[in-house]
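**Q** The structure follows.
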Amino acid sequence: MGTFICPHCHHTTPVFLAGGVEREAMKQNVPILGSIPLDESICADADSGRPSVIAEGQDASARSQSFRDIADRVLAGLEVFKNSSASQA
Ligand SMILES: [Zn+2]
């Protein structure tokens, strides 16, 4: 949850200090998978049992797309891990 997008004027406000996540990821030697905009509908979607990527259907917003992008990066990372494990066996 890196930013808040105002539902009225769509202004984007950084919620956390700039660069903190990037610095910690480099320090821990882990990739940054993405950032999800802070949005009250994420909680409402989860409470209704329908994650945002499902609740929004084909009308993908930046919010649901950020979840999809993270899922894609996790999947790509798993493929790299799977391939590197297979080549070491
Ligand atoms: Zn506003």
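Each value in this text was obtained by applying a stated rule to the coordinates, not by laboratory testing. None of the values given here were measured: they were computed from a predicted structure. Backbone-built Cβ (ideal geometry, glycine too); neighbour counts: all protein chains shown.
**Q** What FRET efficiency do you get for residue 71 and residue 12 if R0 is 25 Å and r is their Cβ-Cβ distance, rounded to the nearest 0.05?
**A** Numbers: r = 22 Å, r/R0 = 0.89.
It comes out at approximately 0.65.
**Q** Would you tally the net charge around residue 44, using a Cβ to Cβ cut-off of less than 15 Å, leaving residue 44 out, and scoring K and R as +1, D and E as -1?
**A** On the way: positive: 50, 63; negative: 39, 40, 45, 47, 56.
Local net charge: -3.
**Q** With the dipole of the chain worked out from charges on the C-beta (+1 for Lys and Arg, -1 for Asp and Glu) around the Cα centre, which of 21, 10, 60 lies farthest toward the positive end?
**A** Checked the options; the winner is 21.
**Q** Related question: How big is the C-alpha Rg of the chain next to the rule-of-thumb value 2.2 N^0.38 Å, as a ratio? Present the calculation step by step, with values, prior to reporting the outcome.
**A** Numbers: Rg = 16.2 Å, N = 89, 2.2 N^0.38 = 12.1 Å.
Rounded to two decimals, the normalised Rg is 1.33.
**Q** Just need the relative contact order of the chain here, percent rounded to a whole number, with Cα pairs under 8 Å and 6+ apart.
**A** Details: 68 pairs, mean separation 20.6, N = 89.
Averaging sequence separation for qualifying contacts and normalising by length gives 23 percent for the chain.
**Q** If you don't mind, another one. Please list the helices of the chain that count as membrane-span-like by this rule: a mean Kyte-Doolittle hydropathy of at least -1.0 together with Cα atoms stretching 30 Å or more along the helix axis, each helix being a complete DSSP H run. Intermediate results must be reported in sequence, preceding the final value.
**A** Working: long enough: 62-88 (39 Å, -0.35).
Taking the DSSP H segments of the chain (at least 30 Å long, mean hydropathy at least -1.0), we get 62-88.
**Q** Then there's this: Can you figure out the FRET efficiency of residue 29 with residue 60, using R₀ = 30 Å and their beta-carbon distance, to the nearest 0.05? Before the final figure, lay out each step's value.
**A** Numbers: r = 32 Å, r/R0 = 1.06.
In this case the efficiency is close to 0.40.
**Q** Running a GNM on the chain with Cα contacts under 10 Å, which residue among 42, 70, 32 ends up with the highest mean-square fluctuation?
**A** 32
**Q** While we're looking at this one, here's another question. PRE reach from residue 44 (point 7 Å along Cα→Cβ): which of the stretch 1-37 fall under 16 Å by backbone N?
**A** In the stretch 1-37, the label zone of residue 44 (backbone N under 16 Å from the point 7 Å along Cα→Cβ) covers 5-10.
**Q** Now for a separate question. Please compute, over every Cα-Cα pair in the stretch 1-47, the percentage with a separation greater than 14 angstrom.
**A** 60
**Q** Test of understanding: ordering 63, 68 by Cβ neighbours within 10 Å, fewest first, what list do you get? All intermediate terms of the calculation are to be shown ahead of the outcome.
**A** Details: 63 18, 68 13.
In order of increasing Cβ crowding within 10 Å: 68, 63.
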